[in-house]
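J.: Before anything else, here's the structure in question.
The values are calculated or read from the model by the stated rules, or taken from the named source; none is laboratory data. Computed from a predicted model, the values in this text were never measured in an experiment. Cβ coordinates were reconstructed from backbone atoms using ideal geometry, including for glycine residues, and neighbour counts include every protein chain displayed.
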Amino acid sequence: MNKEELEKNLSQKLDSEDIEHKSKAGIVPATKIEGLKQGQSYKKADVISQLQIELCETNKGLLGLAVELEQSEEKYSSILKNAAETIFTFTDEGIIETTNPAASVLFGYEERELLGLNINAIIPKFNQLVPELDLEENISHSMDDAAIYGIHKKGDAFPIEFTLGRPFFASKRQWLVIIRDITERKRAEEDLRLMAKIFHGSTDAIVIADIRGRIIDANEAFTTITGYEKDMILGKHPISLISEKHNDHFHFELRYTLLKTGAWCGEVWTKRKDGEIYPIWLSIYSVKDENNVTTHFVGIFSDITARKESENKLKQLAHYDSLTGLANRTQFIERLKWSIDIAKRDGKKTALMFLDLDRFKLINDTLGHQAGDLLLIEVAQRLTKSVREVDTVSRLAGDEFTIILNSIKSPEDAGFVAKKILDALAVSVLLEGREIFISTSIGIAIYPSDGLDVNHLVKNADTAMYHAKERGRNNFQFFSNKMNQKVQNELEMETNLRQALKNNEFTLNYQPQFDLNSQQMIGLEVLLRWKHPILGFISPALFIPHAEKSDLIITIGEWVLRTACERSMAWQAEGLKPVRISVNLSGMQLKQHNLIDKITQILCETKLPPELLELELTEGVLMDNAEMTINTLNKLKEMGIRLSIDDFGTGYSSLSYLKRFPIDTLKIDQSFVKDIVTDNDDNAIASTIIAMAHNLRLKVIAEGVETKEQLDILYEKKCDEVQGYYFSRPLIEADFCKLLANLKN
């Protein structure tokens with residue numbers, strides 16, 4: 001196209017509407033257009049030139065706008081891509097048009113899966129949460145407004161909050177929502193609510209202090225426990241509540257541990273508002289910020305008064321005797337160990353005293369257990385007053401007591417204390433209106449000479465105590481090696497006795513008894529004999545006392561009774577003359593609750609007539625719990641069994657009791673018969689016993705008759721029966737059967 005044609009075409013297009021349009025489009029300046037409208041004169045060449053220039057400038061402007069628009073789009077795309085929050089744009093119908101990578105992370109969908117998805121699919125009932133109106137301002141929703149949850153692709157629900165707006169995009173308004181996952185925030189809020197509930201609802205007192213240690217808050221339990229209202233202690237230091245029982249060292253250790261480790265706990269004595277001192281269990285923790293700098297301290301404590309009282313009661317039960325308040329066996333062992341350690345360190349001595357009240361059982365059985373308990377309490381008080389405060393008095397069991405004398409200089413110090421105790425107990429005690437006298441036997445062992453540890457000292461003191469019993473009671477004895485050897489011998493003897501029962505080492509001998517007038521054999525005394533496979537024959541005087549100290553005497557006594565009854569019936573079966581058999585009954589057997597049943601059983605099984613059986617008891621056995629003994633003897637008498645008192649005159653029988661016992665015979669001890677010919681006293685005693693027995697309608701038998709002279713004197717005194725070497729020694733069964741056979745002939 002040539003210049004003329006271009007100018008013509010441009011001229012045709014420059015009408016008012018075109019100019020108006022160009023003016024609106026910004027292509028032609030408004031001032032220039034206005035001038036044209038007003039009919040200003042111009043040349044077409046000038047217009048074309050001017051339009052070319054302005055067209056070039058317009059192209060530059062459009063290019064700039066395109067660049068700016070492209071940069072804005074890149075900026076917008078970068079914002080979407082790097083935003084931590086999920087960003088959607090969606091239509092009025094809720095269809096998602098654009099999204100960002102954060103949305104895929106939050107909801108678990110790929111970007112292509114989200115585009116075109118209805119927003120209600122991932123935020124249920126979203127359209128019900130947002131009113132349908134044109135928004136002039138953005139709005140936001142969170143869990144505080146309503147229960148808003150997002151739904152993950154896997155189906156998991158999680159709390160969210162969102163901001164909703166409707167900005168312009170491409171010359172039109174669009175819906176835009178920014179979504180944030182508030183799971184962690186909600187969890188933190190829930191934790192705060194929970195902590196608030198714990199703080200206010202806890203039964204333990206909780207106190208919060210600032211970094212300076214000043215109280216800034218306390219819960220209701222603090223007021224309940226301490227009596228202080230919260231406003232009374234705000235701004236104060238908790239140390240003002242701690243009792244003066246704790247010294248400066250305690251407070252230093254508390255602060256040092258708290259600053260070093262961030263925590264401290266322990267038992268603290270503190271004060272209530274009314275001044276009462278009470279124990280608490282306190283735990284203190286430091287609270288740090290995100291930079292690990294301590295900002296606050298939290299103290300939690302509970303009143304442990306009830307627990308301390310329970311602990312004290314349990315400790316009292318565990319370490320002290322409930323009746324006397326003295327240390328019990330557990331506490332005694334601990335104290336003795338401590339005393340030995342101190343003596344070892346200081347090079348001194350410790351004395352252990354073992355005490356056993358004399359004949360306490362008799363008092364207990366006579367007056368009752370309540371009186372016995374009162375007596376034990378009185379004894380405990382007297383023992384405590386007899387020793388120093390540093391010494392320990394213990395009650396082990398029953399009427400057994402121990403005393404630990406700490407750091408003594410010599411054994412004589414222990415002897416002095418023992419004498420003091422004997423004197424203190426010698427004073428009578430008034431129980432239930434009756435004056436009671438009590439004594440004790442005391443054994444003493446000294447550390448280190450009598451033992452280097454607890455077990456040896458206890459054993460040796462106990463041994464010494466039994467030695468004191470054997471010496472007549474109401475005295476004290478020190479332990480010695482000789483005494484220890486005696487104990488070892490007793491243990492060995494007990495072992496041998498048990499073996500003897502197991503191996504049938506026991507046999508019976510038979511001591512014939514004769515009527516003094518006719519001098520005919522009318523009975524026999526059964527005597528126990530023991531032949532040890534190595535030691536040979538062992539005297540009954542040696543092994544019977546050992547058997548009586550243990551339960552062996554019951555087993556041995558039953559064996560003797562059953563064997564004697566069996567042999568007697570065997571002799572009768574052989575046609576020999578039936579004679580009365582006399583068997584000794586021990587004190588242990590008499591105390592058996594089933595003694596009557598046991599004897600009845602033996603008589604029934606052996607078929608021995610009761611009238612052919614005589615049971616011998618010593619005076620001591622009869623007087624031990626006399627009332628019970630009388631009851632048992634009456635039952636034996638009703639069975640037809642004869643009863644006799646052995647070794648009469650050597651014990652301490654009361655004549656008032658003697659007449660109550662259902663006794664048939666008194667046996668004069670051989671110690672009176674031995675010198676009856678030469679000793680006027682023995683002669684007189686024998687006469688008295690015989691006369692007294694006859695007056696009580698009892699028969700008398702004298703044992704140990706060895707000479708014609710002794711026999712004649714007893715005959716003159718009208719003694720009924722005798723036994724001894726003058727007529728016959730104790731016989732083995734074969735020889736005794738021969739004697740019975742001769743009597744038959």
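J.: Filter the stretch 431-455 for residues that are at pLDDT 85 or above and part of a strand (DSSP E or B); which is farthest from residue 356 (Cα to Cα)?
T.: So the residue we want is 447.
J.: Of all residues being touching a residue at least 40 places away in the same chain (Cβ under 8 Å) and under 35 Å from the mean Cα position of the chain (by Cα) in the stretch 203-237, which is surrounded by the fewest Cβ atoms within 10 Å (Cβ to Cβ)? Just the residue, please.
T.: 203
J.: Here's another thing I want to ask about it. Could you count how many residues in the stretch 541-564 are free of Cβ contacts under 8 Å to residues at least 40 places away in the same chain and surrounded by 15 or more Cβ atoms within 10 Å (Cβ to Cβ)?
T.: Going through the stretch 541-564 one residue at a time, the tally reaches 4.
J.: Right, next: Going residue by residue through the stretch 303-312, is there one that turns out to be modelled with pLDDT of 85 or more and not in a loop (DSSP other than H, G, I, E, B)?
T.: From the stretch 303-312, those modelled with pLDDT of 85 or more are 303; that's our starting set.
Still in the running and not in a loop (DSSP other than H, G, I, E, B): 303.
Yes.
J.: Can you name the number of the only condition in (1) in a helix (DSSP H, G or I); (2) without any contact (Cβ under 8 Å) to a residue 60 or more places away in the chain that residue 331 fails?
T.: Among (1) in a helix (DSSP H, G or I); (2) without any contact (Cβ under 8 Å) to a residue 60 or more places away in the chain, residue 331 violates only (2).
J.: Of all residues in the stretch 247-267, count the ones that are over 21 Å from residue 289 (Cα atoms) and among the hydrophobic types (A, V, I, L, M, F, W, C).
T.: 4
J.: I've got another one for you. Could you please let me know if residue 177 is over 27 Å from residue 150 (Cα atoms), of a type outside the set (Phe, Trp, Tyr) and modelled with pLDDT of 85 or more?
T.: Working: over 27 Å from residue 150 (Cα atoms): no; of a type outside the set (Phe, Trp, Tyr): yes; modelled with pLDDT of 85 or more: yes.
Spelling it out, it is not the case that residue 177 is over 27 Å from residue 150 (Cα atoms), of a type outside the set (Phe, Trp, Tyr) and modelled with pLDDT of 85 or more.
J.: Would you pick out the residues in the stretch 368-410 that are of a type in the set (Lys, Arg) and in a strand (DSSP E or B)?
T.: 395
A quick yes/no check of all residues on (1) in the same structural domain as residue 549 (by TED's automatic domain parsing); (2) aliphatic (A, V, I, L, M); (3) over 47 Å from the mean Cα position of the chain (by Cα); (4) at positive phi:
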position: 575; (1), (2), (3), (4): yes, no, yes, yes
position: 578; (1), (2), (3), (4): yes, no, yes, no
position: 600; (1), (2), (3), (4): yes, no, yes, no
position: 603; (1), (2), (3), (4): yes, yes, yes, no
position: 621; (1), (2), (3), (4): yes, yes, no, no
position: 628; (1), (2), (3), (4): yes, yes, no, no
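J.: Can I ask one more? Looking only at the stretch 565-581, filter to residues that are in contact with a helix residue (DSSP H, G or I) (Cβ under 6 Å, 6 or more places away or on another chain) and part of a loop (DSSP other than H, G, I, E, B); which one of those is surrounded by the fewest Cβ atoms within 10 Å (Cβ to Cβ)?
T.: 577
J.: For the stretch 695-745, give me each residue that is part of a helix (DSSP H, G or I) and either closer than 30 Å to residue 660 by Cβ or among the polar types (S, T, N, Q) (or both). Lay out the reasoning, then the answer.
T.: Let us first name the residues in the stretch 695-745 that are part of a helix (DSSP H, G or I), namely 695, 708-716, 733-744.
Of everything in the stretch 695-745, those that are part of a helix (DSSP H, G or I) and either closer than 30 Å to residue 660 by Cβ or among the polar types (S, T, N, Q) (or both) turn out to be 695, 710, 714, 742.
J.: Quick one: which strands (runs of 3 or more DSSP E) sit completely within the stretch 184-302 and have at least 1 residues that are within 30 Å of residue 159 (Cβ to Cβ)? Break it down into steps so the answer makes sense when it comes.
T.: Working: elements: 205-210, 215-218, 263-271, 277-288.
Here the list reads 205-210, 215-218, 277-288.
Conditions (1) in a helix (DSSP H, G or I); (2) under 55 Å from the mean Cα position of the chain (by Cα); (3) free of Cβ contacts under 8 Å to residues at least 12 places away in the same chain; (4) surrounded by 17 or more Cβ atoms within 10 Å (Cβ to Cβ), marked per residue:
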{"residue": "489", "(1), (2), (3), (4)": "yes, yes, yes, no"}
{"residue": "494", "(1), (2), (3), (4)": "yes, yes, no, no"}
{"residue": "499", "(1), (2), (3), (4)": "yes, yes, yes, no"}
{"residue": "509", "(1), (2), (3), (4)": "no, no, no, yes"}
{"residue": "514", "(1), (2), (3), (4)": "no, no, no, yes"}
{"residue": "518", "(1), (2), (3), (4)": "no, no, yes, no"}
{"residue": "528", "(1), (2), (3), (4)": "no, yes, no, yes"}
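J.: Another question, then. So which pairs qualify, if the first residue must be in the stretch 378-397 and more than 17 Å from residue 334 (Cβ to Cβ), the second must be part of a loop (DSSP other than H, G, I, E, B), the Cβ gap must be under 6 Å, and the two must be at least 6 apart or on different chains?
T.: 380/324; 380/326
J.: Could you list, in sequence order, all residues of the stretch 705-730 that are surrounded by 19 or more Cβ atoms within 10 Å (Cβ to Cβ), closer than 17 Å to residue 526 by Cβ and not polar (S, T, N, Q)?
T.: Listed by number, the residues that qualify are 721, 724.
J.: Scan the stretch 78-112 for residues that are without any contact (Cβ under 8 Å) to a residue 60 or more places away in the chain, surrounded by 12 or more Cβ atoms within 10 Å (Cβ to Cβ) and hydroxyl-bearing (Ser, Thr, Tyr) and jot them down.
T.: 98, 99, 104, 109
J.: Suppose we keep only residues that are outside any helix (DSSP H, G or I) and touching a residue at least 40 places away in the same chain (Cβ under 8 Å) within the stretch 582-603. Which one would you say is surrounded by the most Cβ atoms within 10 Å (Cβ to Cβ)? Spell out how you get there, then give the answer.
T.: Applying the first criterion (outside any helix (DSSP H, G or I)) to the stretch 582-603 yields 582-586, 591-594.
Still in the list and also touching a residue at least 40 places away in the same chain (Cβ under 8 Å): 582-584.
On the way: 582: 25, 583: 23, 584: 21.
Per the stated criteria, the residue is 582.
J.: Pick from the stretch 323-352 the residues that are among the hydroxyl-bearing types (Ser, Thr, Tyr) and touching a helix residue (DSSP H, G or I) at 6+ places or on another chain (Cβ under 8 Å): which of them is nearest to residue 385 (Cα to Cα)?
T.: Filtering first and then ranking leaves 324.
J.: Considering the stretch 606-635 alone, what residues qualify as being outside any loop (DSSP other than H, G, I, E, B), in contact (Cβ under 8 Å) with a residue 40 or more places away in the chain and charged (D, E, K, R)?
T.: 614, 616
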